[in-house]
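Here's the structure, in structure tokens; my notes come after.
The values are calculated or read from the model by the stated rules, or taken from the named source; none is laboratory data. Since the structure is predicted, the reported quantities are computational estimates derived from the model, not experimental observations. Neighbour counts run over all protein chains shown; Cβ positions are idealised from the backbone, glycine included. When the accessible area is computed, the model is the full protein with side chains, heavy atoms only, and any ligands, DNA or RNA have been set aside. Shrake-Rupley method; radii C 1.70, N 1.55, O 1.52, S 1.80 Å.
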Amino acid sequence: MFNTYLKERRSWIFLFLVLQGLIVFITYIDSAISIRPILYYIFLSTIIFTIFLAIRFLKETKFYYALKERADDLDITSIAEAVSPFVEIVAESFNLHIQRLKKLADASEIKLEQEKDDLLSWIHEVKTPLTALSLMIDRMENPSLKKDMTYEWLRIHLLLDQQLHQKRIPYMENDLYIEKIDLEGLIFSEIKTLQSWCIQKGVGFEVELEIEDVLTDAKWCAFILRQLLTNAVKYSDASDIIVRSFQVNDQTILQIEDSGRGIDPRDFHRIFDKGFTSTAFHHDNAATGMGLYLAKKAAKALMIQISVESVLGNGTTFILTFPKTNEFVRITGM
């Protein structure tokens, strides 16, 4: 900061040096003036000017130090008090801009909240005709057409559900209710939802649960399972998906293993990124790149660790590691 201050005041310093040089020059051309008093004057004035410069540095840079160290937010009180008329102009300009940005931020937040509410309302409204459509599909007599229509209906249903939970995730901490849930019932409920799709693709399930109860939030845990099971069915054909649970070091482990196309090693560090689909199958139009991203976010709030093991061409295993019971002390009050 001191070097910056010297650059800012270089015109002062240059003027001082010029004036000292001018005195020396006058003394040189006028033989009647003694050089020793002039040198003594230059020495004293240089010391005084240096002290003056140091004092002004300490006084003037307080405001700029405070600006440099202040948090990147819209808090007006964090701006230091002005110490000079020019600094007052800067501070006033800052205050006006911050107040304007706060108004824009508040308006944008209200607008986004309204758009979120409108979207959630729209999703709930769409569910009514979607339910009616499901009943109409059940009455269809053409098996082939019924199968295709059921698959497309399921896709719409899952996408709407994904969108609904995507909007709720930022506020999910306010919606958590931690309790002991029946893991088997939760898994079979999600499998039943995917039943028509599984029949169409020739996919079956093998469920082996050593641990049937876990401590978590039922609704959000079901959402995570829905994303992983949907992902497994999507990339499997005429094979079984194995779901098993067991306990390791007082933690419940749930594995969902499929025999699908697997994951390219290049994609391992990106599969949970928002919007990422695949490197090897980049033109897969059925993928949205949101399922695993949302599952990861929801799992983080539930303190569930998600890991994956896969061999390209030989299937994928997603592993959910539930936290120990005492690790829920922090969030059970939510």
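Values as computed for the structure displayed
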{"item": "Filter result (open to solvent by 50 Å² or more (accessible area, probe 1.4 Å) and not charged (D, E, K, R)) within the range 154-165", "result": "Ile156, His157, Leu159, Gln163"}
{"item": "Residues that are modelled with pLDDT of 90 or more and open to solvent by 50 Å² or more (accessible area, probe 1.4 Å), drawn from the range 308-317", "result": "Glu309"}
{"item": "Candidate set: the range 159-205, residues that are touching a strand residue (DSSP E or B) at 6+ places or on another chain (Cβ under 9 Å) and aromatic (Phe, Trp, Tyr); chosen: the one modelled with the lowest pLDDT", "result": "Tyr177"}
{"item": "Test: Ser93 is closer than 17 Å to Leu159 by Cα, small (Gly, Ala, Ser) and assigned to a helix (DSSP H, G or I)", "result": "no"}
{"item": "Among residues of the range 96-146, those that are closer than 27 Å to His157 by Cα, open to solvent by 70 Å² or more (accessible area, probe 1.4 Å) and hydrophobic (A, V, I, L, M, F, W, C), counted", "result": "5"}
{"item": "Failed criterion for Ser31 (all others in (1) part of a helix (DSSP H, G or I); (2) of a type in the set (Ser, Thr, Tyr); (3) more than 58 Å from the chain's Cα centre (by Cα) hold)", "result": "(1)"}
{"item": "Conditions (1) within 30 Å of Asp117 (Cβ to Cβ); (2) surrounded by 18 or more Cβ atoms within 10 Å (Cβ to Cβ): number failed by Tyr177", "result": "(2)"}
{"item": "Those residues of the range 268-292 which are modelled with pLDDT under 85 and either outside any loop (DSSP other than H, G, I, E, B) or polar (S, T, N, Q) (or both), in sequence order", "result": "Thr277, Ser278, Thr279, Asn285, Thr288"}
{"item": "Number of the condition not met by Ala80 [criteria: (1) surrounded by 11 or more Cβ atoms within 10 Å (Cβ to Cβ); (2) at pLDDT below 80; (3) assigned to a helix (DSSP H, G or I)]", "result": "(3)"}
{"item": "Counted residues, the range 14-42 - those being loosely packed, with under 13 Cβ neighbours inside 10 Å, closer than 30 Å to Ala66 by Cβ and touching a helix residue (DSSP H, G or I) at 6+ places or on another chain (Cβ under 9 Å)", "result": "0"}
